[in-house]
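Visitor: One structure follows; several queries about it will come next.
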Amino acid sequence: IILCLCGWLSTVVFYLFRSYFFEKKFGWHKKYNVPMNIEFLIHRYGELVMLLLGESVLSILIVSSINTVEYHVTFFAAIVSIVLLQYSHYKYQPHSPREHACRRSLRGSVTHYAIMIVYCHALVAVGTAYKMFLSTYEVEASLKNKDLRHLVTTLMSRNLAGAADKTKFTTFEHKAATANLFCISMAIVWLCLEFMWISHVGRAKYWKFIKTKQGIFCDVLRTIGVFLMGTISYYTVEPEWVTLIGLLGICFEIVTTVITRYFWDKQFGDFEDDDDGHWPNVTEPDSVPNEHVDEHDDQA
């Protein structure tokens, strides 16, 4: 597994290195790559994120229900958090092809591609953490009822014949590991959204924005939010509290995004789409259309 992961990472790093230092310099991206339809790309990326979030909801729903207040608090906090993650994702993404990183520049396009890969993996980890939180209550109920068969099924521990049983954790260790997974993945999700936004708007505009008082204020809010989101497990490992604090963190992230967008539009203005009815991947032709040539011939 590690070798497969290293092989995959090496291909992404090679793609970034080639795109940053060679393709634009020698014009390879225009000679050998097929132009993409940015509007269709936005649609497909949106479907991918919806699929990942939908799988997270499904993984939460298939967990056996436990009639406790803590379970239901964790369950509904997880559902609401996933809905807000969906809103946050589309709040960060442009809705016009002209605003997308793939249209803006080659480097912005490959950067967005690499960030999107990490972002999707982080979303999968978030859904897994929510399911593990709910499974914790099932484990605790099994321990209380001394139902060892159900406990083994829940933990799904598998060992080879004759191997020592070293895969079982205590309840606290299970909660701590799940809380760490949740906090790290949520912090990565937030960071990926921020970096995707920077790839869309461009580094020049971003540096110009953060040099203002409003930009510094928004960056401070982002830094505080990411730091708190990534350190929730240091304060508590109880699933209901971790999910509730995570829900508040997502709400704080959405408010920060709205504030940032307000100051951004105030400084740079709303984006005006100037596609003039063209397809998003179509540029102006180099040659003069035949009808224009006929008009010039008639005038001559």
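The values are calculated or read from the model by the stated rules, or taken from the named source; none is laboratory data. Since this is a predicted model, take the numbers as computed values, not measurements. Methodologically, a virtual Cβ is constructed for each residue, glycine included, from the backbone with ideal geometry; neighbour enumeration extends over all protein chains shown. These area figures cover heavy atoms from the full protein model, side chains too; ligands, DNA and RNA do not enter into them. Shrake-Rupley method; radii C 1.70, N 1.55, O 1.52, S 1.80 Å.
Visitor: Checking the structure you have, find out if any residue of region 62-83 is at pLDDT below 90, farther than 18 Å from GLU240 by Cβ and either aliphatic (A, V, I, L, M) or surrounded by 20 or more Cβ atoms within 10 Å (Cβ to Cβ) (or both).
Guide: yes
Visitor: Hey, does region 118-139 have a residue that's at pLDDT below 75 and either assigned to a helix (DSSP H, G or I) or farther than 28 Å from MET50 by Cβ (or both)?
Guide: Yes, because at least one residue in region 118-139 is at pLDDT below 75 and either assigned to a helix (DSSP H, G or I) or farther than 28 Å from MET50 by Cβ (or both).
Visitor: Test VAL220 against the criterion of being open to solvent by 30 Å² or more (accessible area, probe 1.4 Å), under 30 Å from LEU106 (Cα atoms), of a type in the set (A, V, I, L, M) and at pLDDT 90 or above, and give yes or no.
Guide: Yes, satisfied.
Visitor: Go through ASP297, ASP275 for me and flag whichever is open to solvent by less than 50 Å² (accessible area, probe 1.4 Å) and at pLDDT below 75.
Guide: ASP275
Visitor: Of all residues in region 221-257, which are closer than 19 Å to CYS192 by Cβ and outside any helix (DSSP H, G or I)?
Guide: THR231
Visitor: Any chance region 181-188 includes a residue that's at pLDDT 90 or above, surrounded by fewer than 20 Cβ atoms within 10 Å (Cβ to Cβ) and in contact with a helix residue (DSSP H, G or I) (Cβ under 7 Å, 6 or more places away or on another chain)?
Guide: Taking every residue of region 181-188 in turn, at least one turns out to be at pLDDT 90 or above, surrounded by fewer than 20 Cβ atoms within 10 Å (Cβ to Cβ) and in contact with a helix residue (DSSP H, G or I) (Cβ under 7 Å, 6 or more places away or on another chain).
Visitor: Hey, another quick one. Only one of these is under 23 Å from ASN180 (Cβ atoms), of a type in the set (Ser, Thr, Tyr) and under 19 Å from the mean Cα position of the chain (by Cα): TYR137, TYR45, TYR92, TYR130. Name it.
Guide: Every option except TYR130 fails the conditions.
Visitor: Given (1) in contact with a Phe, Trp or Tyr (Cβ under 7 Å, 6 or more places away or on another chain); (2) open to solvent by less than 20 Å² (accessible area, probe 1.4 Å); (3) within 19 Å of MET186 (Cα to Cα), where does SER96 come up short, assuming only one miss?
Guide: (3)
Visitor: Quickly run through region 202-216 and pick out the residues that are part of a helix (DSSP H, G or I) and either surrounded by fewer than 19 Cβ atoms within 10 Å (Cβ to Cβ) or at positive phi (or both).
Guide: Those that are part of a helix (DSSP H, G or I) and either surrounded by fewer than 19 Cβ atoms within 10 Å (Cβ to Cβ) or at positive phi (or both): ARG203, ALA204, LYS205, TYR206, TRP207, LYS208, ILE210, LYS213, GLN214, GLY215, ILE216.
Visitor: For region 223-272, enumerate the residues that are exposed (fewer than 14 other Cβ atoms within 10 Å of the Cβ) and hydroxyl-bearing (Ser, Thr, Tyr).
Guide: THR223, THR231, TYR234, TYR235, TYR262 - these are the residues of region 223-272 that are exposed (fewer than 14 other Cβ atoms within 10 Å of the Cβ) and hydroxyl-bearing (Ser, Thr, Tyr).
Visitor: Here's a follow-up. Pairs needed: first member in region 13-41, within 18 Å of ALA101 (Cα to Cα); second member anywhere, modelled with pLDDT under 70 and loosely packed, with under 11 Cβ neighbours inside 10 Å; C-beta distance under 6 Å; at least 6 residues apart or different chains.
Guide: none
Visitor: On to the next question. So THR178 ticks every box in (1) open to solvent by 20 Å² or more (accessible area, probe 1.4 Å); (2) closer than 26 Å to TYR137 by Cα; (3) among the polar types (S, T, N, Q) but one. Which box is left unticked?
Guide: With respect to (1) open to solvent by 20 Å² or more (accessible area, probe 1.4 Å); (2) closer than 26 Å to TYR137 by Cα; (3) among the polar types (S, T, N, Q), THR178 is out only on (1).
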